[in-house]
């Protein structure tokens, strides 16, 4: 038998690449070969194909290589998922949705805690909630400062104003930090000469 990587197989592939189109009669037999492998030939078509294969060495080698390939593929064991896989996936998705809806986080591995209907959860502390909110706000600001939103006029205007505001704050913060240190323990002097 001829393997799919045989010289005849490579010759056919290179001939197909070199030739713009196969002979119309040969294309007919290639189609019959494919239908034969799928088990779709009538008795007359089968007789026609095998009569051609007796005189055409190239088609004979292709048929042998493809039959070998089909034989090898049929020997591969089929893997079947467990019968309860779908139910387990839906149950786990439902469990995670319930936890997320309650605003908690998972502790531990749900596989280890089979007797509990829901995995244990912890309600987030106020500090964690505020930290999360600040992170989300800063992430949104970073996105608005860096994203290219020129195609959306309203957001483009907002981005421009936001950039000007951040630049103003940074400039003033820089000036404040670089200004000479003053003693804030004594009261500020006024320019009013009548004050003393």
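Just so you know, all these numbers are worked out from the coordinates, no wet-lab data involved. Predicted model only: the values in this text are computed from it and were never measured.
Subtracting the Cα-Cα distance of residue 177 and residue 127 from 0.36 nm times their residue separation leaves 15.1 nm of extension gain. Rg ratio for region 45-106: its Cα radius of gyration over 2.2 N^0.38 Å, N being its residue count, equals 2.49.
Which whole-number percent of Cα pairs in region 127-178 have a distance greater than 16 Å?
Numbers: 732 of 1326 pairs.
So the pairs more than 16 Å apart make up 55 percent of the total in region 127-178.
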